[in-house]
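Throughout, read-outs are computed from the coordinates displayed, never taken from laboratory work. Just so we're clear, the structure is a prediction, and the values are computed from it rather than from any experiment. No Cβ is skipped: glycine too gets one built from the backbone with ideal geometry, and neighbour counts run over all protein chains shown.
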């Protein structure tokens, strides 16, 4: 379960963003909506342990993530949080499967069956040994989802996962995301300004 | 997917860059190691061939040339010396001299020098017979191991020598064939490349065309008293020589004439004769029984000398005295070889500087390619952080990439240097009369490895530090 309390982030003294509190239970999906520039990515980075907030707390299963020392934060993030970016970044020198292996190694797990399972359930097992540059946008996004799930995370964060996709791919990716999050019993947070998603998920807040 | 594997994958993902880095770095390492090898093996050769020789006496000219000619068999002789003038130094009773080895150089076979000398040269270079026997009759030769290997000559074979030290069939002495009677073992010294025969055989081949001029007795004013007598005896014996030397086919006659001479005139020479011939006391016609001192107006090229005590004051001064007071030239190998090192050293140092410059440029090239790859890979690096990689892992990743490059380049460079040595070994062996071993590995290569690792580390440390400081939030927000 993910819970935030009175989050604030100050880029400068004047440039101050405050965020509404969020509660998202394991297996649930939560939508964060808002136009560009209102701090969606900032919030996502705070939730993902990539950016320390100026004020407030982010708790996973009742434990404040930012109580963890900076040196242990990377390992914590790798193990408990899966993040899917708007642009699917991969290590270009590695195949899809090797990218997932890297994610496991960095996250401190090792389970090759899990990788095969994920790739086949996301229907990209035939691309396992291909390099990322040879994948289509939709395939890349699915591979990114697989990577986010590879360590059985407690939280899955998705940043505009559908913005680069057409309607068909959009539906498919969103369904896969939701389904995989439920199976992993993880809280799924989607940050988006994609109106196609607002009709699907009930839990949502809009950033102003 | 370990960090090492990731680093490896990253490197081979950019083959052109990889190629450039490796070629540059390997060139630097290879050139340095090649120079090391040539230097070391040349130094080893020079040391091996020093053979405890303290002084070389030959004709006036360049002392370095004389050393190179007579000890390393690289250069041409400075000329010949008359035995009569060098008598004291061939006298086995000389108080300061432990061993003196006469050399007569001038002919060759397929580029390998035929050296007229006596058996003492084998002791000098610790050579032993591999097969057959030592030369004992006129025109018999015993050949060095490399001569045997390269020319295919074996015991029982006959060959015509050619006049001069280069291989030229037009200059063959077709009237007298040498006969191989033995092959020496491999000593790693210059004797491996020589064809040994008696001084007499060399004279015999030459005296067909060259009449020997009579030479007036020389006044060796600075020679020790014991030598004076020998010298005088030499000039007395001169007449016998003159009668005999055109008559060289009749060895028995010539030899017995000298024996009489020796017995008749000097107990000292008698002793010398006995010493030289004592292995073959009953076989009077053998060339080893000949005492060079009985041929004062014949010529030899040089004498290699070992002192009894090389720190003896008189011994130390001997070369200077000889140079100042006689028509002969004496030189100390150690001094001349040091002079040679100094001269050659300039070229070697220039090449070494070039090699280090190439290494520096290659380090720069690794630095630049790693640094520019950071720009290309900034999302990848941020991604690795997102996936749980710590900043120090990114640091290590980049360092590993630099070090892997260095290791590959090192291996390629070392192989390159050995292959280059292998390709050039034959040519250099001809030029330097020394067989280079292209597959000789050296501890210096380990030092080079350490150097290469340090270079790889230094080249990657700034890019690695930059990777270490990757700000994930800023990098990922820029999309």
task: Give me the number: length gained by fully extending residue B:342 to residue B:157, i.e. 0.36 nm times residue separation minus the C-alpha to C-alpha distance, one decimal in nm.
output: 62.3 nm
task: For residue B:465 and residue B:308, calculate 0.36 nm times their separation in residues minus their Cα-Cα distance, and state this gained length in nm to one decimal.
output: 49.9 nm
task: Would you mind ranking B:114, B:414 by Cβ crowding within 10 Å, fewest neighbours first?
output: B:414, B:114
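Using Cβ counts within 10 Å as a stand-in for footprinting exposure, how do B:418, A:45, A:126 rank, fewest first?
A:126, B:418, A:45
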query: Label residue B:321 and residue A:68 with points 7 Å out from Cα along Cα→Cβ: what is the distance between them in nm?
result: 9.2 nm
message: If I model a spin label as a point 7 Å beyond the Cα along the Cα-Cβ vector, how far apart are those points for residue B:93 and residue A:54 in nm?
response: 11.2 nm
statement: Across the alpha-carbon set of region B:3-55, Rg over Rh with Rh taken as the Kirkwood radius works out to 1.42
Net length gained if the chain between residue B:14 and residue B:75 were fully extended (0.36 nm per residue, minus Cα distance): 16.8 nm
query: So, in nm, how far is label residue B:128 from label residue A:121 when the simple model puts each one 7 Å beyond its Cα toward the Cβ?
result: 8.0 nm
message: Compute for the protein assembly as shown: radius of gyration divided by Kirkwood radius, i.e. Rg/Rh, restricted to C-alpha atoms, rounded to two decimals.
response: 1.35
message: Quick check on the exposure proxy: order B:377, A:52 from fewest to most C-beta atoms within 10 angstrom.
response: A:52, B:377
query: Distance from the Cα centre of region B:114-129 to that of region A:38-93, in angstrom?
result: 84 Å
- line: Rounded to 0.05, the calculated FRET efficiency for the beta carbons of residue B:356 and residue B:44 at R₀ = 22 Å is 0.40
- prompt: Expressed as a whole number of Å, what is the distance separating the alpha-carbon centroids of region A:178-208 and region B:365-411?
  reply: 36 Å
